[in-house]
Amino acid sequence: MKLLAVLVLCLTLGFNAGGTVTDAEIKSISERLYSLDSNKASASDLVIDPQALVADSQTSSETDRSSKPLFSYLNENALFSKPTYAALLSVLDNYNRMTGQAENFSSQQLAEQDKFVRETMSNTQLGRELFAFLYNKGIYKSEEDFIQDLKMMWFGLYSRNNNQLDSSGFEHIFAGEIKGGKVSGFHNWIRFYLLEKSGKLNYYSHSFNGPWTTFPDVLGMQFMWDGYYKQVGSAVIGCSPEFDFAIYSLCYITRPGKQCHLSVGGKTLIIQTYTWDNSSYGDGKKFIGSAYPASP
């Protein structure tokens, strides 16, 4: 069947983002993405030491209960040399963490954003599998349409503070921000590792540890980032950049502003997404406000 006929049929049947993608289909594709995450960390690549486990009622106390870093060991040579990791690293340092101060990107930094999306989504089997799923559901008409939409929803700028174009979904989720004297967003394990290694982040405790015994795992962490506290910063630990990017994108596209129930290694992973409703792109599409693992 030709592409135009497929699109007409999809529209006739009501296929659209957040519409007729069923919970069962989301669980099925998430298991497929999990099985394709060939770039995730192995037990020999990554060792973590979660240390103190605290109750939810204790997460606001700002008490350092862990004497050692969260990350005991990471095989940087093995992981950071992979194209998707290298692409992520090149983008993470492009941001001013303070909201209320406008972001301005050079042509090189814009190219780094484009490369990150293409490396993770076009140049990995995992990313191509996600596109195939969304294409077959009639959500995107071509791979380029998919790539361009991801670039806008993730990297398009909007204002969180002071009417400045100071934020994006990517900055908020992957790099982290400071707003109102506290850490806002910050849900990426590689960013956590890099800041902890540099001495700018102090791990305090965790209030949730997922049921997984291999990577990826999920932790809900308390930490101080260079003088600013995060009460619960949940993240998928040990996954590849493409898996992180893919599951958040899948959930935002199919369950915007809702809880999204994934199946990862036979266990449930809930991702909470939020839309940014104060501005839009394209034909009224919403930027990503936030996305993170919802720890119970």
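The values are calculated or read from the model by the stated rules, or taken from the named source; none is laboratory data. These figures come from a predicted structure and were not determined experimentally. Positions of Cβ are generated from backbone atoms using ideal geometry, with glycine treated the same way; all protein chains shown enter the neighbour counts. Note: areas computed on protein heavy atoms with side chains; ligands, DNA, RNA excluded. Shrake-Rupley method; radii C 1.70, N 1.55, O 1.52, S 1.80 Å.
Could you identify the single residue in 72, 106 that is of a type in the set (Ser, Thr, Tyr) and open to solvent by 60 Å² or more (accessible area, probe 1.4 Å)?
Going through 72, 106 in turn, just one is of a type in the set (Ser, Thr, Tyr) and open to solvent by 60 Å² or more (accessible area, probe 1.4 Å): 72.
Can you name the residue in segment 27-57 that is among the aliphatic types (A, V, I, L, M) and part of a helix (DSSP H, G or I) and, of all such residues, is farthest from the chain's Cα centre (by Cα)?
Looking at residues that are among the aliphatic types (A, V, I, L, M) and part of a helix (DSSP H, G or I), I get 29.
Filter segment 191-206 down to the residues that are open to solvent by 20 Å² or more (accessible area, probe 1.4 Å) and farther than 17 Å from residue 46 by Cα and list them by number.
Across segment 191-206, the qualifying residues are 198, 199, 200, 202, 204.
Give me a count of the residues in segment 239-294 that are open to solvent by less than 40 Å² (accessible area, probe 1.4 Å) and either closer than 18 Å to residue 30 by Cα or of a type in the set (Lys, Arg) (or both).
29
Which residues, counting only those in segment 267-296, are out of contact with any Lys or Arg (no Cβ under 8 Å at 6 or more places or on another chain) and of a type in the set (Asp, Glu)?
Hit for segment 267-296 is 283, nothing else.
What helices (runs of 4 or more DSSP H) completely inside segment 83-161 contain at least 1 residues that are of a type in the set (A, V, I, L, M) and over 24 Å from residue 31 (Cα atoms)?
83-92, 107-121, 143-155
Limited to segment 59-82, what total is found for residues that are assigned to a loop (DSSP other than H, G, I, E, B) and not basic (Lys, Arg)?
13
Can you name the residue in segment 116-159 that is among the basic types (Lys, Arg) and open to solvent by 40 Å² or more (accessible area, probe 1.4 Å) and is also farthest from residue 179 (Cα to Cα) among such residues?
For segment 116-159, the residue satisfying everything is 141.
Looking at segment 33-46, is at least one residue open to solvent by 40 Å² or more (accessible area, probe 1.4 Å), within 19 Å of residue 173 (Cβ to Cβ) and either modelled with pLDDT of 95 or more or in contact with a Phe, Trp or Tyr (Cβ under 8 Å, 6 or more places away or on another chain) (or both)?
yes
If I ask for residues that are open to solvent by 20 Å² or more (accessible area, probe 1.4 Å) and either touching a Gly at 6+ places or on another chain (Cβ under 7 Å) or at negative phi (or both), which ones from segment 208-228 would you list?
208, 209, 211, 212, 213, 214, 215, 224, 228
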